[in-house]
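Derivation of every value follows stated rules applied to the coordinates shown; laboratory data play no part. This is a predicted model, so every value here is computed, not measured. In this analysis, Cβ positions are derived from the backbone assuming ideal geometry, glycine residues included, and neighbour counts consider all displayed protein chains.
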Amino acid sequence: MAQVTTSDVITLIRGLIKDLAQTDGRDSHTYDSDTSFSLSKDYVVESSISVYKNGIELTLTTDYTYNSTTNKITITASLTKNDDILITYNYYARYSDSEITSFIKSSLSHFTARRYKKYFYINDSDEIVTLNGVNPTYEEGDAIARITAIEIDPQNTRIRTPEFTVESVERKSKKEQIDEVLDSFMRSYGVVDFLEDDANA
């Protein structure tokens, strides 16, 4: 059965909470003496960064590095005073991938509480896996994404699939919304297997 990556799940979550990548990240600098340049936006998509010196694109690792902790570009290529430095990149407005991963981690407990047949957890590589090291199926990844979206923003979520629709309204608590997603997921995909009681294991 097809499996989904954590990156796929994060993309789904971003769509549900309306935190899509912004493509207008752009910072201009004039080199004086400091070879490190701060980016003006947080939650930068590292793979989208492009750095130009006087209009010529530099090469990652060979000519510059990016530090996600300090959110700075450090140019290792030779620079001359008054060189024009342009940095373009994509970024997210609300959450970093690591923050969303933390939300996913807490959301997985809802499956355990329901005694779902698989035990999901986040491994050391920040990937969602089961006890046998297998990633979730697309259907499970979908449910994980929807529950996580509700955990992040319970009053700003509208979930629609061919099988079911969940809309957040003020009279529905976060727990009620999550329960509705889990109930619909289990009905839609014929999930009837649950973990056995410890006494019967």
How large is the charge dipole for region 1-147, taken about the Cα centre, if only the Cβ atoms of Lys, Arg (+1) and Asp, Glu (-1) carry charge, to the nearest 20 debye?
700 debye
Put a dot 7 Å past each Cα toward the Cβ at residue 78 and residue 176; how far apart are the dots in nm?
6.9 nm
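Using a 10 Å cut-off around each Cβ, can you sort 181, 129 from fewest to most neighbouring Cβ atoms? Before the final figure, lay out each step's value.
Numbers: 181 22, 129 18.
Result, fewest neighbours first: 129, 181.
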With the dipole of region 50-133 defined by +1 on each Lys or Arg Cβ and -1 on each Asp or Glu Cβ, the option from 101, 50, 70 whose Cα lies farthest towards the positive pole is 101
Which of 185, 37 comes first, and how do the rest follow, when ranked by fewest Cβ neighbours within 10 Å?
37, 185
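Return the FRET efficiency for the residue pair residue 186, residue 3: r is the Cβ-Cβ distance, R0 is 30 Å, and the value is rounded to the nearest 0.05. Numbers along the way, then the final one.
Working: r = 19 Å, r/R0 = 0.64.
About 0.95, to the nearest 0.05.
May I ask you to sort 140, 180, 127 by Cβ crowding, counting other Cβ atoms within 10 Å and putting the fewest first? Intermediate values should be presented prior to the final figure.
On the way: 140 23, 180 18, 127 15.
Listed from fewest to most nearby Cβ atoms, that is 127, 180, 140.
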Roughly how big is region 77-134's charge dipole about its Cα centre, with Cβ charges of +1 (Lys, Arg) and -1 (Asp, Glu), in debye to the nearest 20?
580 debye
Of the cross-linked pairs 105/172; 18/105; 18/172; 53/105, which ones have a Cα-Cα span greater than 30 Å in the structure shown?
53/105
